[in-house]
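For reference, the structure is listed below as C-alpha coordinates.
The values are calculated or read from the model by the stated rules, or taken from the named source; none is laboratory data. Keep in mind that this is a model prediction, so the values were computed, not measured. Glycine gets a Cβ as well: all are built from the backbone with ideal geometry, and neighbour counts include every protein chain shown.
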Amino acid sequence: MEEAISIMVIDDEPVVGQRLKPMLEDMGHKVEVFVNPVEAMEQFKNQPVDIVITDIRMDDMEGIDILEQIQFSRPETKVVMITGYATLELARESMAKGAFDFIAKPFKFKEIRNTIGKAVDAIKAESESRVRA
(Lines give C-alpha, C1' and ligand atoms only; values in the text may rest on other atoms or scores of the structure.)
Protein backbone atom coordinates (compact mmCIF):
# COMPACT_ATOMS: atom_id res chain seq x y z
CA MET A 1 0.00 0.00 0.00
CA GLU A 2 1.22 3.49 -0.87
CA GLU A 3 2.10 5.90 1.90
CA ALA A 4 -0.28 8.87 2.17
CA ILE A 5 0.93 12.18 0.79
CA SER A 6 1.44 14.74 3.57
CA ILE A 7 0.00 18.21 3.01
CA MET A 8 0.37 21.40 5.04
CA VAL A 9 -2.21 24.17 4.57
CA ILE A 10 -1.09 27.64 5.73
CA ASP A 11 -3.65 30.44 5.67
CA ASP A 12 -4.38 33.09 8.30
CA GLU A 13 -8.08 32.80 7.45
CA PRO A 14 -9.23 29.74 9.47
CA VAL A 15 -12.12 29.04 7.09
CA VAL A 16 -9.69 28.11 4.28
CA GLY A 17 -8.13 25.29 6.30
CA GLN A 18 -11.52 24.23 7.63
CA ARG A 19 -12.78 23.85 4.05
CA LEU A 20 -9.66 22.26 2.54
CA LYS A 21 -8.78 19.74 5.25
CA PRO A 22 -11.83 17.43 4.87
CA MET A 23 -11.63 17.52 1.08
CA LEU A 24 -7.91 16.65 1.04
CA GLU A 25 -8.38 13.94 3.66
CA ASP A 26 -11.20 12.47 1.55
CA MET A 27 -8.60 12.22 -1.24
CA GLY A 28 -6.52 10.02 1.11
CA HIS A 29 -3.94 12.59 2.19
CA LYS A 30 -2.58 13.40 5.65
CA VAL A 31 -3.35 17.09 6.30
CA GLU A 32 -2.20 19.63 8.88
CA VAL A 33 -3.63 23.16 8.96
CA PHE A 34 -1.90 26.25 10.33
CA VAL A 35 -3.23 29.80 10.69
CA ASN A 36 0.17 31.05 11.90
CA PRO A 37 2.82 30.85 9.16
CA VAL A 38 5.73 31.14 11.62
CA GLU A 39 4.47 28.09 13.56
CA ALA A 40 3.94 26.26 10.27
CA MET A 41 7.55 26.84 9.20
CA GLU A 42 8.84 25.68 12.61
CA GLN A 43 6.83 22.49 12.15
CA PHE A 44 8.10 22.13 8.58
CA LYS A 45 11.73 22.29 9.78
CA ASN A 46 11.07 19.38 12.15
CA GLN A 47 8.68 17.43 9.98
CA PRO A 48 8.74 18.31 6.27
CA VAL A 49 5.71 17.51 4.12
CA ASP A 50 5.23 16.59 0.46
CA ILE A 51 2.95 19.50 -0.48
CA VAL A 52 2.41 22.96 1.04
CA ILE A 53 -0.63 25.05 0.16
CA THR A 54 -0.01 28.59 1.35
CA ASP A 55 -1.72 31.94 1.19
CA ILE A 56 0.50 34.70 -0.16
CA ARG A 57 -0.66 37.64 1.95
CA MET A 58 -0.45 37.00 5.71
CA ASP A 59 0.46 39.24 8.63
CA ASP A 60 3.35 37.35 10.25
CA MET A 61 5.06 36.04 7.11
CA GLU A 62 4.43 36.35 3.39
CA GLY A 63 3.78 33.26 1.30
CA ILE A 64 6.68 34.19 -1.00
CA ASP A 65 9.00 33.96 2.05
CA ILE A 66 7.56 30.53 2.86
CA LEU A 67 8.13 29.44 -0.75
CA GLU A 68 11.74 30.64 -0.66
CA GLN A 69 12.48 28.88 2.64
CA ILE A 70 10.99 25.61 1.39
CA GLN A 71 12.84 25.84 -1.94
CA PHE A 72 16.09 26.36 -0.04
CA SER A 73 15.65 23.60 2.55
CA ARG A 74 13.58 20.97 0.69
CA PRO A 75 13.09 21.79 -2.99
CA GLU A 76 11.27 18.50 -3.68
CA THR A 77 8.27 19.79 -1.67
CA LYS A 78 5.58 21.09 -4.02
CA VAL A 79 4.29 24.54 -3.04
CA VAL A 80 0.89 25.74 -4.22
CA MET A 81 0.28 29.45 -3.76
CA ILE A 82 -3.27 30.73 -3.13
CA THR A 83 -4.33 34.34 -2.85
CA GLY A 84 -7.26 36.70 -2.94
CA TYR A 85 -4.95 39.33 -4.45
CA ALA A 86 -4.15 37.57 -7.69
CA THR A 87 -2.16 39.55 -10.21
CA LEU A 88 -0.20 38.37 -13.20
CA GLU A 89 2.93 39.87 -11.62
CA LEU A 90 2.44 37.92 -8.38
CA ALA A 91 1.77 34.71 -10.28
CA ARG A 92 4.92 35.19 -12.37
CA GLU A 93 7.03 35.89 -9.28
CA SER A 94 5.68 32.79 -7.51
CA MET A 95 6.31 30.53 -10.48
CA ALA A 96 9.79 32.02 -11.09
CA LYS A 97 10.69 31.25 -7.47
CA GLY A 98 9.64 27.63 -7.82
CA ALA A 99 5.94 27.44 -6.94
CA PHE A 100 4.25 24.35 -8.33
CA ASP A 101 1.05 26.27 -9.08
CA PHE A 102 -0.80 29.50 -8.34
CA ILE A 103 -4.55 29.58 -7.59
CA ALA A 104 -6.70 32.69 -7.13
CA LYS A 105 -9.31 32.90 -4.36
CA PRO A 106 -12.14 32.24 -4.32
CA PHE A 107 -11.09 28.89 -5.72
CA LYS A 108 -13.24 25.95 -6.64
CA PHE A 109 -12.59 22.57 -4.99
CA LYS A 110 -12.12 21.11 -8.48
CA GLU A 111 -9.16 23.48 -9.05
CA ILE A 112 -7.51 22.39 -5.80
CA ARG A 113 -8.19 18.70 -6.47
CA ASN A 114 -6.71 18.95 -9.97
CA THR A 115 -3.62 20.81 -8.77
CA ILE A 116 -3.03 18.40 -5.88
CA GLY A 117 -3.50 15.47 -8.27
CA LYS A 118 -0.82 16.92 -10.59
CA ALA A 119 1.50 17.53 -7.62
CA VAL A 120 1.04 13.93 -6.42
CA ASP A 121 1.79 12.65 -9.94
CA ALA A 122 4.95 14.80 -10.05
CA ILE A 123 6.07 13.53 -6.63
CA LYS A 124 5.55 9.91 -7.71
CA ALA A 125 7.37 10.45 -11.01
CA GLU A 126 10.34 12.08 -9.24
CA SER A 127 10.42 9.27 -6.69
CA GLU A 128 10.40 6.62 -9.44
CA SER A 129 13.20 8.37 -11.33
CA ARG A 130 15.32 8.49 -8.14
CA VAL A 131 14.75 4.76 -7.62
CA ARG A 132 15.82 4.03 -11.21
CA ALA A 133 18.94 6.24 -10.94
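Keeping to segment 67-97, report how many residues are assigned to a helix (DSSP H, G or I), of a type in the set (Gly, Ala, Ser) and free of Cβ contacts under 8 Å to residues at least 24 places away in the same chain.
Taking segment 67-97 as the starting set, the residues that turn out to be assigned to a helix (DSSP H, G or I) are 67-73, 88-96.
This time we only want the ones that are of a type in the set (Gly, Ala, Ser), so: 73, 91, 94, 96.
Then keep just the ones that are free of Cβ contacts under 8 Å to residues at least 24 places away in the same chain; that gives 91, 96.
Qualifying residue count, segment 67-97: 2.
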Q | Leading residue by the ranking (nearest to Gly63 (Cα to Cα)) among those in segment 108-133 that are at pLDDT 90 or above and of a type in the set (Asp, Glu) | A | Glu111
Q: Of the numbered conditions (1) touching a Phe, Trp or Tyr at 6+ places or on another chain (Cβ under 8 Å); (2) free of Cβ contacts under 8 Å to residues at least 24 places away in the same chain; (3) of a type outside the set (Val, Ile, Thr); (4) in a strand (DSSP E or B), Phe102 fails exactly one; give the number of that condition.
A: (1)
(Q) Condition first: in a strand (DSSP E or B) and buried (at least 20 other Cβ atoms within 10 Å of the Cβ). Now tell me which residues in segment 1-38 satisfy that. (A) Ile7, Met8, Val9, Ile10, Val31, Phe34
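Which of the following residues is surrounded by fewer than 17 Cβ atoms within 10 Å (Cβ to Cβ), at pLDDT below 95 and in contact with a Leu (Cβ under 9 Å, 6 or more places away or on another chain): Lys97, Lys105? Lay out the reasoning, then the answer.
Details: Lys105 fails: in contact with a Leu (Cβ under 9 Å, 6 or more places away or on another chain).
Of Lys97, Lys105, the one residue that is surrounded by fewer than 17 Cβ atoms within 10 Å (Cβ to Cβ), at pLDDT below 95 and in contact with a Leu (Cβ under 9 Å, 6 or more places away or on another chain) is Lys97.
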